[in-house]
Each structure stands twice: as structure tokens, then as C-alpha cells.
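Encoded as C-alpha cells, the structure appears first; notes follow it.
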Amino acid sequence: MTSELTSLYQEVILDHNKRPRNFHKLESANHHADGYNPLCGDKVTVYLDVQGDIVRDISFEGSGCAISKASASMMTEGLKGRTLAQVEELFQRFHDLVTGRPENPANPADLGKLVVFSGVREFPVRVKCATLAWHTLRAAKENRQQPASTE
Ligand code: ZN
């Protein structure tokens, strides 16, 4: 990756950190869960309004580092209107992207703007920051009472 591209990616992440999208409690939510990344101290709550198998609305609250916040922000942007099956597929693709599993290379075209997190795989500690919101999303889908943890 060229350094120009890297700095562009950083700009996207910093922008979402500064102005997170869908950053509020969702009054219509029928699913929610808390997540915690003890390694970095990131905390997130994900709210879902699921009708049938469609994610009608999604939002989050929380506090944490720029990576965790930007990841949650971009996740909510990317998942509105998707089916639960599509959500699960994106979870897998995003996870493969940030962990860089060589046996299952992610297709950047499927991930849209989420490819900005591809650089995270160079920093194993940051992988948990990037995936926290997604693990919490999964817990919310199942209405898990136990907070989701990256550990
Ligand atoms: Zn973090």
C-alpha cells in the first residue's frame, strides 16, 4: 500500500472518530448488547431494530480509541437495510480482512469503505479495537445478556 493511500485511510478513520455516524441510543431497538475490549479500554453498546430478517435501523454508543469508534461508526453505516444473513457474511469478511487470514483473502469490493481497516492487521493489538463493535453486533443479534468481550 502506498503511503498516500495509507494517509487517505487514516483520514477516513479520523473523520469517523470525530463525527461518528449513528452515535445515539436507538429508541426503537428490539436488540442491544454491550461490548468491552479490556486490552484497550474500548466500550460500546450496539442497538438494532430488526424487523423480520431486515436490519431496519442500527446505532451505537460508547467510548474508546479512534479505531474502535470509527469501526463502529462505519459498521452502522454499512449495515442499515441489510438482511441478517448479509450482516453475518460481512462480519466474516471484515474479520478476515483485519486478521489477514491468508487462506481466505477478503475481496475489497465486497467491503466498500470498510477496506480502510485493512492496515489494522499489521497491529495485532488494534485488531480487537476494530472488531469490538462487530462482536457486539453479533451479541445484540442474539440478545445476549453477557457483555461481548474481545478476549
Ligand atoms: Zn481501542
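The values are calculated or read from the model by the stated rules, or taken from the named source; none is laboratory data. Note that the structure is predicted; figures quoted are calculated from it, not measured. Methodologically, a virtual Cβ is constructed for each residue, glycine included, from the backbone with ideal geometry; neighbour enumeration extends over all protein chains shown. Accessible surface is based on the protein model in full, side chains and every heavy atom, while ligands, DNA and RNA are left aside. Shrake-Rupley method; radii C 1.70, N 1.55, O 1.52, S 1.80 Å.
Tabulated values for the structure
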| quantity | calculated |
| --- | --- |
| Selected residue (criterion: most open to solvent (accessible area, probe 1.4 Å)) from residues of segment 122-150 that are away from the ligand (no atom under 15 Å from the Cβ) and closer than 13 Å to Gly62 by Cβ | Pro147 |
| First in segment 115-144 and without any contact (Cβ under 8 Å) to a residue 12 or more places away in the chain, second anywhere and among the aliphatic types (A, V, I, L, M) and assigned to a helix (DSSP H, G or I), Cβ under 9 Å, 6 or more apart | Phe123/Ile67 |
| Single unsatisfied condition, Arg101 versus (1) within 26 Å of Leu14 (Cβ to Cβ); (2) outside any helix (DSSP H, G or I); (3) at pLDDT below 90 | (1) |
| Selection from segment 130-151 of residues that are part of a loop (DSSP other than H, G, I, E, B) and modelled with pLDDT under 85 | Asn143, Arg144, Gln145, Gln146, Pro147, Thr150, Glu151 |
| The lone exception for Ser71 - which of (1) open to solvent by 10 Å² or more (accessible area, probe 1.4 Å); (2) part of a helix (DSSP H, G or I); (3) not aromatic (Phe, Trp, Tyr) it fails | (1) |
| Residue satisfying all of: in segment 39-57; touching a Lys or Arg at 6+ places or on another chain (Cβ under 6 Å) and under 22 Å from Val116 (Cβ atoms); farthest from the ligand (Cβ to nearest atom) among these | Val55 |
| Odd one out for Lys80 among (1) farther than 21 Å from Gln10 by Cα; (2) within 16 Å of the ligand (Cβ to nearest atom); (3) surrounded by fewer than 18 Cβ atoms within 10 Å (Cβ to Cβ) | (2) |
| Inter-residue pairs, beta-carbon under 8 Å, first open to solvent by 30 Å² or more (accessible area, probe 1.4 Å) and in segment 28-48, second at pLDDT below 95 and part of a strand (DSSP E or B), 6+ apart | Asp34/Ala148; Tyr36/Ala148; Tyr36/Ser149; Pro38/Ser149 |
